[in-house]
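Input: a single structure, listed below in structure tokens.
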């Protein structure tokens with residue numbers, strides 16, 4: 001089956017990498033994610049991956065640090081996750097590159113959009129570390145920014161639920177899932193798809209967002225094939 005999307009940005013939360021423990025790494029999960037990414041690559045889809053750091057650091061909610069300091073630590077956590085995911089991909093025979101929005105030349109390359117486009121075309125899998133490289137911007141915003149810069153028409157956001165709901169389905173049994181939303185509806189209703197900056201970037205650049213259950217990594221492949229899973233957010 002041919003891919004529906006030839007280039008995507010995949011946003012992974014750090015918590016996904018931790019599995020059920022919620023902290024650190026579950027290497028079985030990493031292996032399953034890597035194999036799913038490899039399957040997408042074999043279909044002919046180019047994949048850029050933006051990864052969070054929540055399996056190590058949730059400093060934004062802390063009242064004990066300056067926001068700039070907390071966000072800088074968070075960016076370092078995403079770099080650790082990028083290296084670990086890159087290793088898992090490599091061990092499964094899936095060539096990839098890691099690029100960072102902050103300088104760390106002994107660990108990985110710095111993000112340059114022209115070089116990233118070249119890697120997307122010729123390597124097929126690129127992991128983007130350190131968010132946007134600036135405090136006060138989430139990795140959701142980084143994912144939307146990379147999608148815009150690299151001209152991806154869809155942002156795949158893997159979460160621990162199977163789409164977007166009108167309220168938290170883990171707390172409210174009567175929560176209703178949406179199959180389709182517009183960016184304006186997400187912004188106006190304050191739905192927890194992504195932060196407002198990320199949603200606005202997607203709207204401005206006509207980038208669809210698919211929110212789906214990442215606890216089954218094979219859903220990445222389904223999304224790339226255009227199979228209806230989760231919730232799609234469009235203009």
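Could you please find all residues in segment 3-15 being in contact with a helix residue (DSSP H, G or I) (Cβ under 7 Å, 6 or more places away or on another chain) and either part of a helix (DSSP H, G or I) or farther than 17 Å from residue 75 by Cα (or both)? Explain how you work it out, then say what you get.
To start, the set of residues in segment 3-15 that are in contact with a helix residue (DSSP H, G or I) (Cβ under 7 Å, 6 or more places away or on another chain) comprises 3-5, 7-11, 14.
3, 4, 5, 7, 8, 9, 10, 14 - these are the residues of segment 3-15 that are in contact with a helix residue (DSSP H, G or I) (Cβ under 7 Å, 6 or more places away or on another chain) and either part of a helix (DSSP H, G or I) or farther than 17 Å from residue 75 by Cα (or both).
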*How many residues does segment 177-190 contain that are surrounded by 19 or more Cβ atoms within 10 Å (Cβ to Cβ) and in a helix (DSSP H, G or I)?*
2
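For (1) within 18 Å of residue 160 (Cβ to Cβ); (2) out of contact with any helix residue (DSSP H, G or I) (no Cβ under 7 Å at 6 or more places or on another chain); (3) modelled with pLDDT under 95, each residue gets a yes or a no:
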site	(1), (2), (3)
59	no, no, yes
66	no, yes, yes
69	no, yes, yes
72	no, yes, yes
77	no, no, no
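Residue-wise test of (1) part of a helix (DSSP H, G or I); (2) on the phi < 0 side of the Ramachandran plot; (3) surrounded by fewer than 22 Cβ atoms within 10 Å (Cβ to Cβ); (4) modelled with pLDDT under 95.
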residue: 117; (1), (2), (3), (4): yes, yes, yes, no
residue: 131; (1), (2), (3), (4): no, no, no, no
residue: 134; (1), (2), (3), (4): no, yes, yes, no
residue: 142; (1), (2), (3), (4): yes, yes, no, no
residue: 158; (1), (2), (3), (4): no, yes, no, yes
residue: 168; (1), (2), (3), (4): no, yes, yes, yes
residue: 175; (1), (2), (3), (4): no, yes, yes, yes
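In this structure, does residue 81 turn out to be in contact (Cβ under 8 Å) with a residue 12 or more places away in the chain and touching a helix residue (DSSP H, G or I) at 6+ places or on another chain (Cβ under 7 Å)?
Spelling it out, residue 81 is indeed in contact (Cβ under 8 Å) with a residue 12 or more places away in the chain and touching a helix residue (DSSP H, G or I) at 6+ places or on another chain (Cβ under 7 Å).
Identify all residues within segment 95-115 that are touching a residue at least 12 places away in the same chain (Cβ under 8 Å) and assigned to a strand (DSSP E or B); write none if there are none. Please lay out each step first, then the result.
The initial filter retains those residues of segment 95-115 that are touching a residue at least 12 places away in the same chain (Cβ under 8 Å), namely 95-102, 104, 107-109, 111-113, 115.
Selection gives 97, 98, 99, 100, 109.
The values are calculated or read from the model by the stated rules, or taken from the named source; none is laboratory data. Keep in mind the model is a prediction, meaning the values are calculated, not measured. Neighbour counts run over all protein chains shown; Cβ positions are idealised from the backbone, glycine included.
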